[in-house]
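Each remark here refers to the structure printed beneath this line.
The values are calculated or read from the model by the stated rules, or taken from the named source; none is laboratory data. All of these numbers come straight from a predicted model, not from anything done at the bench. Ideal geometry is used to build each Cβ from the backbone, glycine not excepted, and the neighbour counts take in all protein chains shown. Side chains are part of the model used for accessible areas, which takes the heavy atoms of the whole protein and leaves out ligands, DNA and RNA. Shrake-Rupley method; radii C 1.70, N 1.55, O 1.52, S 1.80 Å.
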Amino acid sequence: MSTALLFWGLLFGAIGLGFFVYGRRQKAVVPLVCGLTLMVFPYFVTNTILLVAIGIALTVLPYFIRI
């Protein structure tokens, strides 16, 4: 486990918490699921580049998909 993984995991976890709270209050499914996924996926990804790529993809996903 490297420092970069810890930093990126913390960053995406905080963004995920924001999406999760927003999705729950607004009753919006996409931000809720993306937020939950952003909080959980850093525990399972061990490659820093893959972690950043998945995190960025999940962060911008609610802006393009409106359900």
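Structure values in brief
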quantity: Enumeration of residues in the range 12-45 that are open to solvent by 70 Å² or more (accessible area, probe 1.4 Å) and part of a helix (DSSP H, G or I); calculated: L17, Y22, R24, R25, Q26, V29, V33, L36, Y43
quantity: Pairs, first farther than 21 Å from F64 by Cβ and in contact (Cβ under 8 Å) with a residue 24 or more places away in the chain in the range 22-45, second surrounded by 15 or more Cβ atoms within 10 Å (Cβ to Cβ) and aromatic (F, W, Y), C-beta under 8 Å, six or more apart; calculated: P42/W8; P42/F12
quantity: Extreme residue, surrounded by the most Cβ atoms within 10 Å (Cβ to Cβ), among residues of the range 46-63 that are within 17 Å of M1 (Cα to Cα) and in contact with a helix residue (DSSP H, G or I) (Cβ under 9 Å, 6 or more places away or on another chain); calculated: L51
quantity: Yes/no for A14 being hydrophobic (A, V, I, L, M, F, W, C) and modelled with pLDDT under 95; calculated: no
quantity: Number of the condition not met by R66 [criteria: (1) open to solvent by 60 Å² or more (accessible area, probe 1.4 Å); (2) modelled with pLDDT of 95 or more]; calculated: (2)
